[in-house]
Amino acid sequence: MKKLLLVSMAYKVTDVLKEVKPDLRGRTVTYIPTAAIGEGIEGMAEEETRMLEELGLTVDELEVSTASRETVRETLMKNDMIFVGGGNTFFLLQELKRSGADKIISQEVKKGKFYIGESAGAIAACPDIGYSAEMDVPEKAPELTDYTGMGLVDFYVVPHLGHPEMGPGAEGIIEKYSSELDLKVINDHQAILIEGDKVRILPE
């Protein structure tokens, strides 16, 4: 069964993560920090690795913008879970497509591998990422001409509602797209849990 957790900020919802996935300890996770690199966020990969390790996970970092296709395939397929971190969604999708990681992630999620998408990692799971230009900078991905996302879900995540910096972008998306897209809006303390065809926003 397909199982995903889509969040704004993973470190603010670790209790939710432990609740929906109580068997984290001793498992391995492929951590993709690529979006943060595209946004130039320093230290985020180290902080998120620490957070995942504190949950009992063994972290296997995969920077898809520099890894070989063979490494991308091997790493994504061998580990128990996939965590795609936040940053610039357009740069993230550009590198996921270029490396072939998008197709492998999609295949693995369909097989039942647990996927955690944080901010950009949540938006990249949607059918298309074009709507996130209200929040992100498309110019950071000059080679990306197709905004089709991984399609792991059939709705559109709007993270960071109420955030002092990114909140206005979230509100811009709601104002512009609420009548034409199925938006699922979350603040930094909420998560969207997808189990098969069931979708819930937590905490309820």
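Summary of computed values
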| item | result |
| --- | --- |
| Loop sites in the range 1-49: trypsin sites (Lys or Arg not before Pro), DSSP, at most 12 other Cβ within 10 Å | Arg25 |
| GluC sites (Glu not before Pro) restricted to the range 119-192 and DSSP loop, no more than 15 other C-beta within 10 Å | Glu143, Glu165, Glu180 |
| Relative contact order (percent, whole number), the chain, Cα cutoff 8 Å, 6+ residue spacing | 27 |
| Distance between the range 158-198 and the range 72-132 - C-alpha centres, whole angstrom | 18 |
| Spherically averaged projected area in nm², based on the convex hull that wraps the Cα atoms of the chain | 10.3 |
| Low-density loop positions, GluC sites (Glu not before Pro), the range 1-53 - DSSP coil, at most 16 other Cβ in 10 Å | Glu42 |
| Listed residues Phe114, Ile192, Tyr147: farthest to the positive end of the dipole of the chain (Cβ charges) | Phe114 |
| Neighbour-count ranking [beta-carbon atoms within 10 angstrom, fewest first] of Asp136, Asp146, Asp102 | Asp146, Asp102, Asp136 |
| DSSP bridge pairs, the chain: antiparallel proportion in percent, nearest 5 | 35 |
| Which listed pairs, of Lys12/Lys198; Lys21/Lys198; Lys2/Lys198, have C-alpha distances above 21 Å, in listed order | Lys12/Lys198 |
| The range 32-73: equivalent-ellipsoid semi-axes (sqrt of 5 x gyration tensor eigenvalues, Cα, Å) | 19, 16, 5 |
| Charged-residue dipole, Cβ positions (Lys, Arg, Asp, Glu), the chain about Cα centre, Debye nearest 20 | 840 |
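Read the figures in this text as sums done on the coordinates, not as results from a lab. Everything numeric here is computed off the predicted structure, so don't read it as measured data. Here the Cβ is made from the backbone with ideal geometry for all residues, glycine too, and neighbour counts use every protein chain on show.
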